[in-house]
1. What about ILE230, is it surrounded by fewer than 16 Cβ atoms within 10 Å (Cβ to Cβ), hydrophobic (A, V, I, L, M, F, W, C), over 20 Å from the mean Cα position of the chain (by Cα) and assigned to a helix (DSSP H, G or I)?
2. Go through (1) assigned to a helix (DSSP H, G or I); (2) buried (at least 16 other Cβ atoms within 10 Å of the Cβ); (3) at pLDDT below 85 one by one and return the number of the condition GLY206 breaks.
3. Here's a check for you: in region 141-151, which residue that is in a helix (DSSP H, G or I) and either open to solvent by 30 Å² or more (accessible area, probe 1.4 Å) or modelled with pLDDT of 90 or more (or both) is farthest from GLN57 (Cα to Cα)?
4. Taking into account only those residues within region 21-34 that are of a type outside the set (Lys, Arg) and open to solvent by less than 80 Å² (accessible area, probe 1.4 Å), which is nearest to PRO279 (Cα to Cα)?
5. Please enumerate the residues belonging to region 184-195 that are surrounded by fewer than 19 Cβ atoms within 10 Å (Cβ to Cβ) and among the aliphatic types (A, V, I, L, M).
6. Please go through (1) more than 30 Å from GLU13 (Cβ to Cβ); (2) loosely packed, with under 15 Cβ neighbours inside 10 Å; (3) of a type outside the set (A, V, I, L, M, F, W, C) for LYS66 and return the number of the only condition it doesn't satisfy.
7. Pick out, from region 257-316, the helices (runs of 4 or more DSSP H) lying fully within it that include 2 or more residues that are under 28 Å from ASN10 (Cα atoms) and under 31 Å from the mean Cα position of the chain (by Cα).
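The values are calculated or read from the model by the stated rules, or taken from the named source; none is laboratory data. The structure presented is a predicted model; accordingly, all values stated were derived computationally and were not measured. Reconstructed Cβ throughout: ideal geometry from the backbone, glycine too, with neighbour counts over all protein chains shown. SASA here: full protein model, heavy atoms, side chains in, ligands and nucleic acids out. Shrake-Rupley method; radii C 1.70, N 1.55, O 1.52, S 1.80 Å.
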Amino acid sequence: GLTQLRVDDNVYEYFPEDYSFRQSVNIIDAELSGASGISYVISAGEGRAFADTDLNQLNSFTDWLKAQPEVLKIVPGSRILKQPDSWLRLAEEQLYNPDTHMLKLRVRMPQQSARAMIAFDNRVREWVQDNSGSLNIYTGGSADLMFAHLSISNARSMLLSLLVALFAISLFIGLMFRGWRLMALVFICNFAPLILAYGLLGISGGAITLGSAVVMGMIIGIIVDDSLHILFKYRRYRRSESETAALKRLWTDVIPAVFISSLTMILALTVGLLSDFKPIFEISLFSIVIIFIALLADMYLLPGLLKMRFFQRHFR
């Protein structure tokens with residue numbers, strides 16, 4: 001499942017199909033020039049006007065753009081640029097600056113996911129590096145492209161910070177308990193639920209989006225708190241009781257409290273499953289899945305590992 005997991009997002013799919021926002025976007029995609037777009041600023045260099053050779057290269061660029069499967073429309077088109085009064089009209093439409101001789105080229109396409117938008121812009125950059133000639137074609141920019149980079153960068157940063165937090169928490173617990181065995185134990189019990197949750201996400205064909213990425217930083221404190229609660233109580237019981245008696249007391253005195261607190265949070269988070277806004281729904285669903293898997297890990301995996309000789313050596 002983890003090998004199939006990818007980072008992606010689509011802001012246009014945050015609402016269900018029956019919402020007027022989605023219906024409007026679908027109409028724009030089907031009947032007009034498309035809901036998504038990227039603008040490219042083009043100049044002939046050194047503040048000079050576009051010559052015939054520059055226009056020929058610009059035509060090659062627009063022809064290549066039209067051949068891309070995502071592109072629905074390019075504004076302005078190559079035919080408009082050859083008309084006598086075209087540059088004056090473009091200046092009035094704020095697509096051309098007569099002082100700097102810079103032209104804005106708008107590329108329109110249907111709604112795109114974050115990965116698809118970035119992949120298209122990367123293809124444009126590769127073409128520009130190989131074929132731009134004397135033209136200066138600057139990096140594309142738009143709200144769609146900005147959000148695409150933001151969502152993917154945010155998800156990757158959250159993944160990295162999650163790993164750093166897990167290692168830091170495990171190291172801190174190892175120092176508190178004065179043993180590297182319990183440091184490894186805490187890391188396993190808190191890392192396993194996250195691995196399973198994201199593995200299930202990958203198997204289901206889902207992607208790490210803005211909603212599921214936020215869960216990483218939000219949920220880590222909850223699952224670590226329960227495992228620490230069990231470990232502290234187990235260490236206290238082992239000071240005066242045997243291994244078997246301490247484990248029995250965990251099941252009678254500690255694990256029921258962990259179960260009730262986890263169940264309470266799961267029930268509270270089910271309210272978010274009623275939301276039509278996709279990020280809220282994903283945050284609630286992913287939090288419920290991780291808390292449930294972490295509860296199973298605290299009830300069965302953690303006591304099972306505590307019975308192993310490798311970890312019992314710490315308490316002896």
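1. So ILE230 does not fit the description; no.
2. (1)
3. Going through the qualifying residues, I end up with LEU150.
4. Selected residue: VAL25.
5. Kept after step one, since they are surrounded by fewer than 19 Cβ atoms within 10 Å (Cβ to Cβ), are these residues of region 184-195: 184, 187-188, 191-192, 195.
Scanning region 184-195 gives ALA184, ILE188, ALA192, ILE195.
6. Unmet for LYS66, out of (1) more than 30 Å from GLU13 (Cβ to Cβ); (2) loosely packed, with under 15 Cβ neighbours inside 10 Å; (3) of a type outside the set (A, V, I, L, M, F, W, C): (1).
7. Qualifying helices (runs of 4 or more DSSP H): 278-296.
Yes/no matrix, rows are residues, columns are (1) within 30 Å of THR53 (Cα to Cα); (2) touching a Gly at 6+ places or on another chain (Cβ under 9 Å); (3) acidic (Asp, Glu):
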| site | (1), (2), (3) |
| --- | --- |
| THR139 | yes, no, no |
| MET146 | no, no, no |
| ARG156 | no, no, no |
| ALA165 | no, yes, no |
| LEU175 | no, no, no |
| ALA184 | no, yes, no |
| CYS189 | no, no, no |
| ALA207 | no, no, no |
